[in-house]
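*Asks:* What follows is a single structure, and I will ask about it in a moment.
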Amino acid sequence: MDRGYFESLESWQERAASCGRPVYIYGMGNGSEKILRLFDRFGIKCEGIFASDDFVRGQSFCGFKVQKFSDVMADSTDKLIVLGFGSSLDEIMSRIESIEQRFELIVPDTSVTDNGYFDKERFLDLYSKAERSYSLLEDDFSRKTFECITSFKITGDAKYLRECFCDESEAQSLLSLGSCEQYFDLGAYRGDTVESFIRQVGGQYKSIAAVEPNERNFRKCAEFTKEYDNITLYNAAAWSECTQLFFSKDAGRQAKITEKGKQTDAVTLDSIAQGGCTYVKYDVEGADYEALLGSVKTIRRFSPKICAAVYHKPYDYFLLPLMINKINADYKFYLRQSRYYPCWETNLYCIPK
């Protein structure tokens, strides 16, 4: 890994601030709000906001009258477009790529769970940790993925992501799941990853435990999984200790621990996996560090296969592997990036040696 190469890359913030062209944000919602705050921080002027035609009803967003996608695209004036949301839908990704054929496009990397963002200088400050994490990766494609993700995070250029997109089924095959798995799904959402696991093992497994803190999502998960045997559901958050926390009332996939909201039970993996664990999935929306702290005994004792989401915070993709390696050094690490703009759905696969 070449530090000089990353130092030479122009950050998307620098590019947007100095481009000398009108800068537009594509999208409304939380992501665009975060980007507008970054614009203020870096002295970037926003010329306007636009959205897909079907969503435009003459409304305003953050003081801007929302324009139609088709109108902005029809205007041939050279401009810089900044993407303000994420998607893996083929239609939306194709639309995003169509923008690149007309105008320069920036896809910023912002934190999924808070107001953090990837900062080039902060990355260089942490470079020794990034380098150690890179050295843990088992195969060339993992190392390429690491380099592409870092280049993307600095520049906001989607071409780097496209170079490391990986089919989900190929990534999941790294786990070599069998018929006797004791599976713990931390962040089960509405049961979709439980269903995916059952499909991968052909319906044959020893046990499943699904942990989901959001009450509405939990009810849907319970309904969705009621036909399956040997499954235990916990309406709780995965955390570093067994306690109670506040959880956001939002029912989306990004519902998370907050300072206020609905009081929710929290459990540790160590407290619910005392009878064994062969595979654990972490997708806990920014509580990954805490969930791993609550898993130390399990990871050391049972060395389960691990699939961990490492995209919720900007530097998770190299800090979390270091944490897992510190807990148990007997793992091989693989990094894979699913087809998604921006680099959400980045997963770390940890396989016992």
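What follows is calculated from the coordinates using simple rules that are stated; it is not laboratory data. Note that this is a predicted model, so its numbers are computed, not measured. Virtual Cβ from ideal backbone geometry, glycine too; neighbours counted across all protein chains shown.
*Asks:* Which one of 27, 299, 343 has its Cα pushed farthest toward the positive end of the charge dipole of the chain, where Lys and Arg give +1 and Asp and Glu give -1 at the Cβ?
*Replies:* Among 27, 299, 343, the one farthest towards the positive end of the dipole of the chain is 299.
*Asks:* Across region 176-309, how many lysine pairs, 8 or more positions apart or on different chains, have C-alpha atoms separated by under 21 Å? Please give the number.
*Replies:* Eligible lysine pairs with Cα atoms under 21 Å apart amount to 15.
*Asks:* Also, quick follow-up: Rank 107, 213, 18 by how far each Cα sits towards the positive end of the charge dipole of the chain (+1 on Lys, Arg Cβ; -1 on Asp, Glu Cβ) and give me just the farthest.
*Replies:* Looking along the dipole axis, the top candidate is 213.
*Asks:* Got the relative contact order for the chain handy, in percent, Cα pairs under 8 Å and 6 or more residues apart?
*Replies:* Across the chain, relative contact order equals 17 percent.
*Asks:* Take residue 42 and residue 102, extend 7 Å from each Cα along the Cα→Cβ direction, and tell me the distance between the two endpoints in nm.
*Replies:* So the two model labels end up 2.3 nm from each other.
*Asks:* For region 176-309, what proportion of DSSP beta bridges, expressed in % and rounded to the nearest 5, is antiparallel?
*Replies:* 25
*Asks:* For the chain, set up a Gaussian network in which alpha carbons nearer than 10 Å are linked by springs, and say which option among 127, 117, 331 fluctuates the most.
*Replies:* Comparing 127, 117, 331 in a Gaussian network model of the chain, the most mobile one is 127.
*Asks:* Want the number for residue 323 to residue 128: 0.36 nm per residue separation, take away the alpha-carbon distance, what's left?
*Replies:* Difference between extended and current length: 68.8 nm.
*Asks:* Set the Förster radius R0 to 30 Å, insert the Cβ-Cβ distance between residue 179 and residue 140 as r into 1/(1 + (r/R0)^6), and round the FRET efficiency to 0.05.
*Replies:* So, using R0 = 30 Å, E works out to roughly 0.45.
*Asks:* Springs between alpha-carbon atoms under 10 Å, Gaussian network over the chain: tell me which of 214, 230, 328 tops the mean-square fluctuations.
*Replies:* 230
*Asks:* Rounding to the nearest 20 debye, state how big the charge dipole of the chain is about its Cα centre with +1 on each Lys and Arg Cβ and -1 on each Asp and Glu Cβ.
*Replies:* 560
*Asks:* Mind checking which aspartates and glutamates have their Cα closer than 19 Å to the Cα of residue 120? Skip sequence neighbours fewer than 8 apart in that chain.
*Replies:* Output for residue 120: 2, 7, 10, 14, 40, 109, 131, 147, 157, 316.
*Asks:* Of 313, 353, how do they rank once you tally other Cβ atoms within 10 Å and put the fewest first?
*Replies:* Starting with the residue having the fewest Cβ neighbours, the order is 353, 313.
*Asks:* Tell me, what is the FRET efficiency for residue 230 and residue 14 to the nearest 0.05, using R0 = 51 angstrom and their Cβ-Cβ distance as r?
*Replies:* With a Förster radius of 51 Å, E is 0.40.
*Asks:* Can you give the longest stretch of the chain with no exposed loop site, where a site means GluC sites (Glu not before Pro) in a DSSP loop (not H, G, I, E or B) with at most 10 other C-beta atoms within 10 Å?
*Replies:* Longest stretch, sites excluded: 1-226.
*Asks:* Which angle between 0 and 90 degrees, to the nearest 10, do you get for helix 30-42 versus the longest principal axis of the chain when only C-alpha atoms count?
*Replies:* For 30-42 against the chain, the angle is about 60 degrees.
*Asks:* Continuing with this model, one more query. Helix-only mean residue ellipticity at 222 nm, the chain, DSSP H runs n ≥ 4 weighted -39,500 (n - 2.57), per residue, nearest 500. What is it?
*Replies:* Numbers: 16 runs with 134 residues, N = 353.
Result for the chain, helices only: -10500 deg cm²/dmol.
*Asks:* Which value in nm describes the separation of the simple spin-label points at residue 88 and residue 262, placed 7 Å from the Cα toward the beta carbon?
*Replies:* Label at residue 88, label at residue 262, 2.5 nm between them.
*Asks:* Quote the charge dipole size of region 145-225 about the Cα centre in Debye, to the nearest 20; the model charges only the Cβ of Lys and Arg (+1) and of Asp and Glu (-1).
*Replies:* 200
*Asks:* Then there's this: What aspartates and glutamates sit close enough to residue 353 to cross-link, taking a C-alpha to C-alpha distance under 15 Å and skipping anything fewer than 8 places away on the same chain?
*Replies:* Residue 353 reaches 138, 139, 330.
*Asks:* Treating the angle as unsigned and between 0 and 90°, give the value, to the nearest 10°, between the Cα long axis of helix 215-225 and the longest Cα principal axis of the chain.
*Replies:* 60
*Asks:* Rank the residues 73, 28 as a footprinting-exposure proxy: fewest other Cβ atoms within 10 Å of their Cβ go first. Present the calculation step by step, with values, prior to reporting the outcome.
*Replies:* Working: 73 15, 28 22.
Ascending number of Cβ neighbours within 10 Å: 73, 28.
*Asks:* Does region 176-309 classify as rounded, prolate or oblate by the C-alpha gyration tensor (a ≥ b ≥ c root eigenvalues; a/c under 1.5 gives rounded; else a/b over b/c gives prolate, otherwise oblate)?
*Replies:* Numbers: a/c = 1.98, a/b = 1.27, b/c = 1.56.
Oblate is the answer for region 176-309, as a/c is 1.5 or above yet b/c matches or exceeds a/b.
*Asks:* Output the lone cysteines of the chain: those with no second cysteine's C-beta under 4.7 Å from their C-beta.
*Replies:* 19, 46, 62, 166, 180, 221, 242, 277, 307, 343, 350
*Asks:* Can you sort 297, 65 by how many other beta carbons sit within 10 Å, fewest first?
*Replies:* 65, 297
*Asks:* Magnitude of the Cβ-charge dipole of region 269-353, K/R +1 and D/E -1, about the Cα centre, nearest 20 debye?
*Replies:* It works out to roughly 380 debye.
*Asks:* If you don't mind, there's one more thing I want to ask. Roughly speaking, what is the centre-to-centre gap between region 135-194 and region 1-72 when only Cα atoms are used, to the nearest Å?
*Replies:* Going from one Cα centre to the other spans 27 Å.
*Asks:* Between residue 70 and residue 196, what is 0.36 nm times their sequence separation minus the Cα-Cα distance? Round to one decimal in nm.
*Replies:* 41.6 nm
*Asks:* For the chain, take the longest principal axis of its alpha carbons; what is the angle in degrees between that and the long axis of helix 127-136, to the nearest 10 within 0 to 90?
*Replies:* In the chain, helix 127-136 runs at an angle near 50 degrees to the longest axis.
*Asks:* Okay, next question. Chymotrypsin sites (Phe, Trp or Tyr not before Pro) within region 174-228: which are DSSP loop residues with at most 16 other Cβ atoms inside 10 Å?
*Replies:* 228
*Asks:* Still on this structure: Amide H to amide H, which residues 5 or more places from residue 209 or on other chains are under 5 Å from it, using H placed in the peptide plane?
*Replies:* Those qualifying (amide H under 5 Å, at least 5 residues apart or on another chain) are 183, 184, 185, 232.
*Asks:* Note the full-extension length gain between residue 53 and residue 206 as 0.36 nm times their separation in residues minus their Cα-Cα distance, in nm to one decimal.
*Replies:* So the chain would gain 50.2 nm between residue 53 and residue 206.
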